[in-house]
Amino acid sequence: NFSLNQLQDIDAAHHLHPFTDHKDLRGAGSRMITRADGPFIYDSEGKQILDGMAGLWCVNVGYGRHELAEAAYEQMKELPYYNSFFRCTTPTPVLLSKKLAEVAPAHINQVFYGSSGSEANDTALRLVRHYWALEGKPEKNIIISRHNAYHGSTVAGTSLGGMSAMQSQLGGAVPNIVHVMMPYAFELAEPGESDHDFGIRAAKAIEDAILEAGPENVAAFIGEPIMGAGGVKIPPASYWPEVQRICRKYDVLLMLDEVITGYGRTGAWFAAQSMGIEPDTITTAKALTSGYQPLSALLVGDRIASALVEKGGEFFHGYTYSGHPVACAVALANLEIIEKEGLIERVRDETGPYFNKALKERIEGHPIVGEVRSFGLMGAIEIVKDKESRARFPDEGTAAVAVRDHAIANGMMLRATGDTMILSPPLIWTRETIDLAIERIAKALDLAERDLRK
Ligand code: PLP
């Protein structure tokens, strides 16, 4: 058995972390989470923390689900691994594909598996370009994305994404990807511009990019229905219908990245259904297994899937763990829990609206809060220095980190991104859990304000 200090020393000596400043690790040491149950995580010192991020937007059914452990155990005993290459497969990815086709929008009936959201987006990028090549239009290969989008950390994921810090370390992106403005009214709407008009203008940026490149050269537009890592940016209701109209007008495919929004977070199986979008592909991962196993599923619409079948020829693409039998067994058990416990309906009808009301009534009035917003169980709190002018505190990110650190010290895990606090709790949260979270967040805001105004 290792002490916390010993583990931290070993960690700093040998473990390179994702999205971490390694200089910091040597100073403060990492926070060691050692167990979890229901909506709570516990650190190595036994401190209980309410997990407002569902791990990393993924543990939708909460922690401690023995059914999922048993599903993995049974499958590992029976058949721990076999591949899905070269016309082989195993039963669980077959059954999972059937289930996903049932819950996905009606025109989506095929699934391609990977282990992560990043891989699924790589697949999506290659697949839409392959589709246009099959259609005899290989030059139709430009993908339009948005500034500040997050589509993963592989080279293709980073290239599709619009995070400037990530792109600056890429040293050469995948070619033929262009980025347009994001639908973020809080910072980008003109004074006096209505939400509706702003949504139409943000969509028009996509049309402008299509016309500039020439529609005959544009393969697809990709977007998160609600930008997650970029700060839970909820577009105005006018945005997605207009994006859909533009894509149809110029015969540009629509790729939705639902790695965060998939499997119930917005109060429907997919945000496509919450928002009435009919995408050609939907990238999913995370909550497909509630994070209990690494698994991603790229849901592929009939238009692309039927071209693969009718035109034939091999799509030279796949991962060793595509359709991993154990991960798929866990996904099946996870989807069963979501259905059996009515978690999606609960988000839509009860906890989602309650969460929104609690944020509006008990957080938005705080002196360092400029805006709160939520959709289903996905929320954001904008931290500002001045409510009226929406001026931010100096040194972007410092204020949000202060709120986050006070929150964690106060038993509440939430994430800071730029000057925005983000929340994405497990779907098992009840009104009582929401009340507890709001109370802890309000206290963290008070303490952070005290420090920041010193
Ligand atoms: N797409 C979106 C919208 C995400 O939020 C993420 C991860 O947070 C990814 C893709 C990448 O998924 P992964 O980290 O599983 O590769």
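The values are calculated or read from the model by the stated rules, or taken from the named source; none is laboratory data. Just so you know, these numbers come straight off a predicted model, no measurement behind them. Using ideal geometry, Cβ is built from the backbone for each residue, glycine included, and neighbour counts are taken over all protein chains shown.
A count restricted to the range 245-270 and to residues that are within 12 Å of the ligand (Cβ to nearest atom) and not small (Gly, Ala, Ser) stands at 8.
Quick one: is Pro325 in contact (Cβ under 8 Å) with a residue 12 or more places away in the chain and surrounded by fewer than 21 Cβ atoms within 10 Å (Cβ to Cβ)?
Values: in contact (Cβ under 8 Å) with a residue 12 or more places away in the chain: yes; surrounded by fewer than 21 Cβ atoms within 10 Å (Cβ to Cβ): no.
So Pro325 does not fit the description; no.
Considering the range 64-159, the qualifying helices (runs of 4 or more DSSP H), each wholly inside and each with 1 or more residues that are touching a Ser or Thr at 6+ places or on another chain (Cβ under 9 Å), more than 28 Å from Lys311 (Cα to Cα) and not basic (Lys, Arg), run over 66-78.
Select, from Leu68, Leu56, the only residue that is within 16 Å of the ligand (Cβ to nearest atom), within 20 Å of Tyr263 (Cβ to Cβ) and modelled with pLDDT of 95 or more. Give the derivation first.
Details: Leu68 fails: within 16 Å of the ligand (Cβ to nearest atom).
So the residue among Leu68, Leu56 that is within 16 Å of the ligand (Cβ to nearest atom), within 20 Å of Tyr263 (Cβ to Cβ) and modelled with pLDDT of 95 or more is Leu56.
Going residue by residue through the range 274-291, is there one that turns out to be in contact with a Cys (Cβ under 7 Å, 6 or more places away or on another chain), assigned to a loop (DSSP other than H, G, I, E, B) and in contact (Cβ under 8 Å) with a residue 12 or more places away in the chain? Yes - at least one qualifying residue is present in the range 274-291. None of Leu343, Leu377, Leu359 is touching a Pro at 6+ places or on another chain (Cβ under 8 Å), of a type outside the set (Val, Ile, Thr) and buried (at least 18 other Cβ atoms within 10 Å of the Cβ) except Leu377. Among the conditions (1) polar (S, T, N, Q); (2) touching an Asp or Glu at 6+ places or on another chain (Cβ under 8 Å); (3) outside the structural domain of Ala229 (by TED's automatic domain parsing), the only one that Asn109 does not satisfy is (3). Can you find a residue that is charged (D, E, K, R) and either touching a helix residue (DSSP H, G or I) at 6+ places or on another chain (Cβ under 7 Å) or outside any helix (DSSP H, G or I) (or both) anywhere in the range 398-406? No, the range 398-406 has no match at all.
Select, from Leu427, Leu447, Leu436, the only residue that is surrounded by 19 or more Cβ atoms within 10 Å (Cβ to Cβ), in contact (Cβ under 8 Å) with a residue 24 or more places away in the chain and not assigned by TED's automatic domain parsing to the domain that holds Met227.
Working: Leu447 fails: surrounded by 19 or more Cβ atoms within 10 Å (Cβ to Cβ); Leu436 fails: surrounded by 19 or more Cβ atoms within 10 Å (Cβ to Cβ).
Criteria check complete, one pass: Leu427.
Within the range 363-397, the set of residues being in a loop (DSSP other than H, G, I, E, B) and under 20 Å from the mean Cα position of the chain (by Cα) comprises Phe375, Gly376, Leu377, Met378.
Among the residues of the range 271-312, those identified as more than 13 Å from the ligand (Cβ to nearest atom) and hydrophobic (A, V, I, L, M, F, W, C) are Ala272, Met275, Ile277, Leu299, Val300, Ile304, Ala305, Ala307, Leu308, Val309. In the range 388-404, the count of residues that are of a type in the set (Asp, Glu) and under 20 Å from Glu439 (Cα atoms) is zero.
Residues that are at pLDDT 95 or above and more than 16 Å from the ligand (Cβ to nearest atom) do not occur anywhere in the range 145-159.
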